[in-house]
Amino acid sequence: MTGIAWRGLLLASLATLPAGCGSSPPLHSYVLGDPTTAAGMRPDGGLEVVELMTVTVPDYLDTSDILLRTGPNQVTPSPTGRWGERLSVGMTRALAAKLSAVLPGRVIETSRMSDPDQRLQVAVDQLDVTTDGKCQMVASWLVTTRDGRIAAAGGRDSFHEAAESGADPAIAAALTRLVDQLAGRIQATIGQRPAPAGP
(Lines give C-alpha, C1' and ligand atoms only; values in the text may rest on other atoms or scores of the structure.)
Protein backbone atom coordinates (compact mmCIF):
# COMPACT_ATOMS: atom_id res chain seq x y z
CA MET A 1 0.00 0.00 0.00
CA THR A 2 1.38 3.42 -0.97
CA GLY A 3 2.02 6.26 1.46
CA ILE A 4 -0.90 8.17 -0.01
CA ALA A 5 -3.19 5.20 0.63
CA TRP A 6 -1.98 4.92 4.25
CA ARG A 7 -2.66 8.62 4.84
CA GLY A 8 -6.13 8.23 3.39
CA LEU A 9 -6.84 5.27 5.66
CA LEU A 10 -5.60 7.20 8.72
CA LEU A 11 -7.79 10.22 7.92
CA ALA A 12 -10.80 7.99 7.42
CA SER A 13 -10.18 6.36 10.82
CA LEU A 14 -9.90 9.73 12.58
CA ALA A 15 -13.11 10.88 10.98
CA THR A 16 -15.00 8.04 12.70
CA LEU A 17 -13.91 9.12 16.22
CA PRO A 18 -16.67 10.66 18.37
CA ALA A 19 -16.93 14.44 18.12
CA GLY A 20 -15.59 16.33 21.13
CA CYS A 21 -12.97 13.71 22.09
CA GLY A 22 -10.53 15.22 24.55
CA SER A 23 -12.82 18.15 25.38
CA SER A 24 -14.77 16.61 28.30
CA PRO A 25 -15.29 18.95 31.28
CA PRO A 26 -13.03 18.33 34.28
CA LEU A 27 -14.39 15.89 36.85
CA HIS A 28 -14.48 17.39 40.34
CA SER A 29 -14.63 15.44 43.63
CA TYR A 30 -16.96 16.33 46.50
CA VAL A 31 -17.31 15.22 50.12
CA LEU A 32 -20.17 15.43 52.60
CA GLY A 33 -19.96 17.29 55.88
CA ASP A 34 -19.04 20.70 57.21
CA PRO A 35 -15.23 21.17 57.21
CA THR A 36 -15.53 23.15 60.46
CA THR A 37 -17.09 20.14 62.24
CA ALA A 38 -14.84 17.20 62.92
CA ALA A 39 -14.97 14.04 64.98
CA GLY A 40 -11.68 12.92 66.46
CA MET A 41 -12.21 13.03 70.18
CA ARG A 42 -10.79 9.94 71.82
CA PRO A 43 -12.48 7.98 74.63
CA ASP A 44 -11.32 9.53 77.89
CA GLY A 45 -12.60 11.57 80.79
CA GLY A 46 -15.31 9.05 81.63
CA LEU A 47 -17.44 9.95 78.62
CA GLU A 48 -19.77 7.34 77.21
CA VAL A 49 -18.63 5.91 73.89
CA VAL A 50 -21.11 5.41 71.05
CA GLU A 51 -19.90 3.28 68.16
CA LEU A 52 -21.50 4.46 64.93
CA MET A 53 -21.69 1.49 62.61
CA THR A 54 -21.12 2.13 58.92
CA VAL A 55 -24.25 3.76 57.54
CA THR A 56 -25.93 1.40 55.10
CA VAL A 57 -27.33 2.67 51.81
CA PRO A 58 -29.02 0.85 48.93
CA ASP A 59 -26.41 -1.10 46.94
CA TYR A 60 -26.88 0.90 43.76
CA LEU A 61 -26.08 4.12 45.65
CA ASP A 62 -22.94 2.84 47.37
CA THR A 63 -20.58 4.18 44.75
CA SER A 64 -18.51 7.28 44.16
CA ASP A 65 -20.87 8.42 41.40
CA ILE A 66 -23.21 11.33 42.14
CA LEU A 67 -26.42 9.73 40.93
CA LEU A 68 -29.33 11.85 39.74
CA ARG A 69 -32.88 10.61 39.35
CA THR A 70 -33.70 11.05 35.67
CA GLY A 71 -36.76 8.80 35.37
CA PRO A 72 -39.10 6.53 37.33
CA ASN A 73 -36.62 3.66 37.09
CA GLN A 74 -33.48 5.48 36.01
CA VAL A 75 -30.54 7.16 37.71
CA THR A 76 -27.71 8.81 35.81
CA PRO A 77 -24.20 9.72 37.05
CA SER A 78 -23.30 13.38 37.04
CA PRO A 79 -20.92 14.02 34.12
CA THR A 80 -19.03 16.72 36.02
CA GLY A 81 -18.64 15.46 39.59
CA ARG A 82 -18.22 12.45 41.81
CA TRP A 83 -17.91 11.69 45.52
CA GLY A 84 -14.40 11.53 46.92
CA GLU A 85 -15.33 8.25 48.65
CA ARG A 86 -18.12 5.68 48.56
CA LEU A 87 -21.39 7.23 49.66
CA SER A 88 -21.73 4.94 52.72
CA VAL A 89 -18.26 5.98 53.91
CA GLY A 90 -18.93 9.68 53.33
CA MET A 91 -22.28 9.59 55.12
CA THR A 92 -20.78 7.76 58.09
CA ARG A 93 -17.95 10.26 58.41
CA ALA A 94 -20.23 13.31 58.07
CA LEU A 95 -22.81 11.90 60.51
CA ALA A 96 -20.13 11.07 63.10
CA ALA A 97 -18.75 14.60 62.91
CA LYS A 98 -22.18 16.20 63.33
CA LEU A 99 -23.15 13.89 66.20
CA SER A 100 -19.87 14.74 67.95
CA ALA A 101 -20.87 18.40 67.74
CA VAL A 102 -24.44 17.98 69.00
CA LEU A 103 -23.68 15.33 71.65
CA PRO A 104 -20.70 16.77 73.58
CA GLY A 105 -21.36 14.42 76.49
CA ARG A 106 -20.54 11.40 74.36
CA VAL A 107 -17.70 10.21 72.17
CA ILE A 108 -18.73 9.10 68.68
CA GLU A 109 -16.44 6.43 67.25
CA THR A 110 -16.58 4.93 63.77
CA SER A 111 -13.82 2.35 64.25
CA ARG A 112 -14.89 -1.16 65.21
CA MET A 113 -14.90 -1.53 69.01
CA SER A 114 -15.29 -4.54 71.29
CA ASP A 115 -17.02 -2.82 74.21
CA PRO A 116 -18.61 0.55 73.44
CA ASP A 117 -21.28 1.78 75.83
CA GLN A 118 -23.75 1.94 72.96
CA ARG A 119 -23.92 1.06 69.28
CA LEU A 120 -25.79 3.18 66.75
CA GLN A 121 -27.07 1.55 63.57
CA VAL A 122 -28.27 3.82 60.76
CA ALA A 123 -29.80 2.74 57.47
CA VAL A 124 -30.59 5.05 54.59
CA ASP A 125 -33.54 3.31 52.99
CA GLN A 126 -34.08 5.82 50.19
CA LEU A 127 -32.11 8.72 48.76
CA ASP A 128 -33.14 10.56 45.61
CA VAL A 129 -31.67 13.67 44.03
CA THR A 130 -33.44 15.11 41.01
CA THR A 131 -31.74 17.04 38.24
CA ASP A 132 -33.28 20.29 39.54
CA GLY A 133 -31.77 19.76 43.00
CA LYS A 134 -34.68 18.36 45.03
CA CYS A 135 -33.29 15.92 47.62
CA GLN A 136 -35.25 13.39 49.65
CA MET A 137 -33.94 10.85 52.15
CA VAL A 138 -35.67 8.21 54.25
CA ALA A 139 -33.57 6.82 57.08
CA SER A 140 -33.98 4.63 60.17
CA TRP A 141 -31.81 4.25 63.26
CA LEU A 142 -31.50 2.09 66.36
CA VAL A 143 -29.42 2.41 69.53
CA THR A 144 -28.35 -0.77 71.35
CA THR A 145 -26.19 -1.57 74.36
CA ARG A 146 -22.88 -3.39 74.02
CA ASP A 147 -24.68 -6.72 74.57
CA GLY A 148 -27.29 -6.02 71.91
CA ARG A 149 -30.23 -4.86 74.04
CA ILE A 150 -32.23 -1.86 72.78
CA ALA A 151 -30.93 1.16 74.67
CA ALA A 152 -33.27 3.80 73.26
CA ALA A 153 -36.30 3.89 71.06
CA GLY A 154 -35.15 3.99 67.46
CA GLY A 155 -36.86 5.90 64.74
CA ARG A 156 -37.55 6.30 61.05
CA ASP A 157 -38.18 9.57 59.28
CA SER A 158 -38.04 11.33 55.94
CA PHE A 159 -35.95 14.42 55.27
CA HIS A 160 -36.18 16.97 52.46
CA GLU A 161 -33.87 19.65 51.14
CA ALA A 162 -33.84 21.80 48.02
CA ALA A 163 -30.42 22.54 46.58
CA GLU A 164 -29.81 26.04 45.28
CA SER A 165 -29.38 24.48 41.83
CA GLY A 166 -28.79 21.13 40.17
CA ALA A 167 -25.03 21.75 40.12
CA ASP A 168 -22.74 19.30 41.94
CA PRO A 169 -21.56 21.73 44.69
CA ALA A 170 -25.15 22.66 45.53
CA ILE A 171 -26.18 19.00 45.66
CA ALA A 172 -23.26 18.16 48.00
CA ALA A 173 -24.30 21.04 50.29
CA ALA A 174 -27.96 19.92 50.28
CA LEU A 175 -27.05 16.32 51.13
CA THR A 176 -24.86 17.60 53.97
CA ARG A 177 -27.92 19.42 55.34
CA LEU A 178 -29.89 16.17 55.10
CA VAL A 179 -27.22 14.43 57.19
CA ASP A 180 -27.40 17.29 59.71
CA GLN A 181 -31.19 16.86 59.94
CA LEU A 182 -30.70 13.14 60.57
CA ALA A 183 -28.15 13.88 63.30
CA GLY A 184 -30.68 16.16 64.99
CA ARG A 185 -33.31 13.42 65.05
CA ILE A 186 -30.80 10.89 66.40
CA GLN A 187 -29.72 13.39 69.06
CA ALA A 188 -33.32 13.57 70.27
CA THR A 189 -33.39 9.76 70.45
CA ILE A 190 -30.14 9.35 72.36
CA GLY A 191 -30.76 12.36 74.55
CA GLN A 192 -28.51 15.23 75.46
CA ARG A 193 -26.04 14.59 78.25
CA PRO A 194 -23.79 17.38 79.52
CA ALA A 195 -20.06 16.75 79.47
CA PRO A 196 -18.64 16.00 82.93
CA ALA A 197 -17.16 18.97 84.80
CA GLY A 198 -13.39 19.26 84.91
CA PRO A 199 -11.34 18.72 88.07
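The values are calculated or read from the model by the stated rules, or taken from the named source; none is laboratory data. Because the structure is a prediction, the values reported are computed rather than measured. Heads up, the Cβs are rebuilt from the backbone with ideal geometry, glycines too, and the neighbour counts pull from every protein chain shown.
Overview of results
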item: Residue ranges of strands (runs of 3 or more DSSP E) in the stretch 46-98 with at least 1 members more than 18 Å from Val143 (Cα to Cα) and of a type in the set (A, V, I, L, M); result: 65-71, 74-83
item: Among (1) closer than 21 Å to Val124 by Cα; (2) modelled with pLDDT of 95 or more; (3) touching a helix residue (DSSP H, G or I) at 6+ places or on another chain (Cβ under 7 Å), the one test that His28 misses; result: (1)
item: Count of residues meeting criterion [of a type in the set (A, V, I, L, M, F, W, C), surrounded by fewer than 21 Cβ atoms within 10 Å (Cβ to Cβ) and under 15 Å from Thr144 (Cα atoms)] in the stretch 93-115; result: 1
item: Selection within the stretch 113-133 - in contact with an Asp or Glu (Cβ under 8 Å, 6 or more places away or on another chain) and either over 24 Å from Thr176 (Cα atoms) or assigned to a strand (DSSP E or B) (or both); result: Met113, Pro116, Asp117, Gln118, Arg119, Leu120
item: Selected residue (criterion: nearest to Val49 (Cα to Cα)) from residues of the stretch 116-139 that are loosely packed, with under 15 Cβ neighbours inside 10 Å and free of Cβ contacts under 8 Å to residues at least 60 places away in the same chain; result: Val138
item: Exclusive hit being of a type in the set (Gly, Ala, Ser) and over 21 Å from the mean Cα position of the chain (by Cα), set Gly155, Gly133, Gly148, Gly166; result: Gly148
